[in-house]
1. Looking at residue 124, is it within 15 Å of ligand 1 (Cβ to nearest atom), outside the structural domain of residue 196 (by TED's automatic domain parsing), closer than 27 Å to residue 35 by Cα and at pLDDT below 95?
2. Out of 157, 172, I need the residue that is surrounded by fewer than 20 Cβ atoms within 10 Å (Cβ to Cβ), more than 16 Å from ligand 1 (Cβ to nearest atom) and at pLDDT 90 or above. Which one?
3. Would it be correct to say that residue 70 is on the phi < 0 side of the Ramachandran plot, of a type in the set (Phe, Trp, Tyr) and in contact with a Phe, Trp or Tyr (Cβ under 6 Å, 6 or more places away or on another chain)?
4. Exactly one condition in (1) open to solvent by 30 Å² or more (accessible area, probe 1.4 Å); (2) more than 11 Å from ligand 2 (Cβ to nearest atom) is not met by residue 114; state its number.
5. Hey, can you tell me all the residues within region 1-57 that are out of contact with any strand residue (DSSP E or B) (no Cβ under 8 Å at 6 or more places or on another chain) and either β-branched (Val, Ile, Thr) or assigned to a helix (DSSP H, G or I) (or both)?
6. If residue 53 satisfies every condition in (1) open to solvent by 40 Å² or more (accessible area, probe 1.4 Å); (2) charged (D, E, K, R); (3) farther than 30 Å from residue 197 by Cα but one, which is the exception?
7. Those residues that are closer than 22 Å to residue 12 by Cβ, of a type in the set (A, V, I, L, M) and either in contact with a Leu (Cβ under 9 Å, 6 or more places away or on another chain) or free of Cβ contacts under 8 Å to residues at least 24 places away in the same chain (or both), I need them from region 74-99; list them, please.
8. Tell me, which residue of region 58-68 that is open to solvent by less than 30 Å² (accessible area, probe 1.4 Å) and part of a loop (DSSP other than H, G, I, E, B) is farthest from residue 12 (Cα to Cα)?
Amino acid sequence: MIISRPKEFDEILENLKEKDIFIIGCGKCAKKLRVGGEPEVLGMKTKLKSSGKNITGWTVLSSACTISSWEELLAQNPGIKKAEALLVMSCGGGVSVISRFAELAVYPALNTESLGGVCRDEVITEQCGMCGECSVWEYGGICPVIRCAKSMLNGPCGGAVEGKCEVDERICAWDAIYERLKMLNKGAYLEIVKEPKDHSRKLRRQRT
Ligand code: SF4
Ligand code: SF4
């Protein structure tokens with residue numbers, strides 16, 4: 001799941017100079033996180049209207065990043081053609097896919113933060129940095145690429161104080177990795193010197 005959070009409404013308004021707006025929500029991650037489903041889209045509609053915008057329509061796509069036919073979407077939502085801009089309440093993936101087809105300005109209403117998940121009502125953030133070369137098993141399922149402030153594949157850096165990272169207030173990822181591997185009886189993984197990641201994989205992926 002892609003973890004996104006709402007932008008400040010003032011920031012949205014500052015970017016959104018156009019008057020006629022069509023709002024698009026996302027029925028997958030953003031809905032589950034309650035940042036881009038129907039209630040949030042309707043809330044945004046109300047706020048934009050009170051700020052003087054004209055809302056030409058709204059929809060919640062089953063998934064903003066997976067659009068089967070742009071023409072079909074236009075036919076089902078005539079308000080898109082009447083709009084000067086789209087406001088998309090989804091992750092950056094959805095905003096980018098929609099921008100690829102829409103012949104008008106597209107603005108994000110959310111900030112995309114990380115790959116994570118949800119278990120019951122707990123939102124689990126920053127679980128994967130999408131390196132294209134997964135070796136998270138060597139770390140007991142706690143990925144240092146994203147969870148360690150220095151992305152150290154061979155940690156710890158030695159700067160943690162009482163389990164807290166020296167860079168910010170997070171729990172030291174390497175403390176957590178150590179405890180987890182110990183619990184799994186896989187402490188031997190700590191002895192493996194990990195080779196640097198093949199960053200060309202990530203670059204290749206970014207080009208496609
Ligand atoms: S090793 Fe790479 S793919 Fe696997 S969880 Fe970490 S960042 Fe994601
Ligand atoms: S203190 Fe821990 S989490 Fe912070 S940079 Fe060092 S190893 Fe990484």
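The values are calculated or read from the model by the stated rules, or taken from the named source; none is laboratory data. The model shown is predicted, which means the values in this text are computed figures rather than measured ones. As a convention, Cβ positions derive from the backbone with ideal geometry for all residues, glycine included, and neighbour counts pool all protein chains shown. With ligands, DNA and RNA removed, areas are computed over all heavy atoms of the protein, side chains included. Shrake-Rupley method; radii C 1.70, N 1.55, O 1.52, S 1.80 Å.
1. Spelling it out, residue 124 is indeed within 15 Å of ligand 1 (Cβ to nearest atom), outside the structural domain of residue 196 (by TED's automatic domain parsing), closer than 27 Å to residue 35 by Cα and at pLDDT below 95.
2. Values: 172 fails: surrounded by fewer than 20 Cβ atoms within 10 Å (Cβ to Cβ).
After applying the criteria, what remains is 157.
3. Details: on the phi < 0 side of the Ramachandran plot: yes; of a type in the set (Phe, Trp, Tyr): yes; in contact with a Phe, Trp or Tyr (Cβ under 6 Å, 6 or more places away or on another chain): yes.
So residue 70 fits the description; yes.
4. Result: residue 114 passes all but (1).
5. Residues satisfying the conditions are 9, 10, 11, 13, 14, 39, 43, 46, 47, 50.
6. (1)
7. Once the filter is applied, which keeps residues that are closer than 22 Å to residue 12 by Cβ, of a type in the set (A, V, I, L, M) and either in contact with a Leu (Cβ under 9 Å, 6 or more places away or on another chain) or free of Cβ contacts under 8 Å to residues at least 24 places away in the same chain (or both), region 74-99 yields 80, 83, 85, 86, 87, 88, 89, 95, 98.
8. Of all residues in region 58-68, those open to solvent by less than 30 Å² (accessible area, probe 1.4 Å) come to 59, 61, 63-64.
This time we only want the ones that are part of a loop (DSSP other than H, G, I, E, B), so: 63-64.
Values: 63: 22, 64: 19 Å.
Among residues in region 58-68 that are open to solvent by less than 30 Å² (accessible area, probe 1.4 Å) and part of a loop (DSSP other than H, G, I, E, B), the one farthest from residue 12 (Cα to Cα) is 63.
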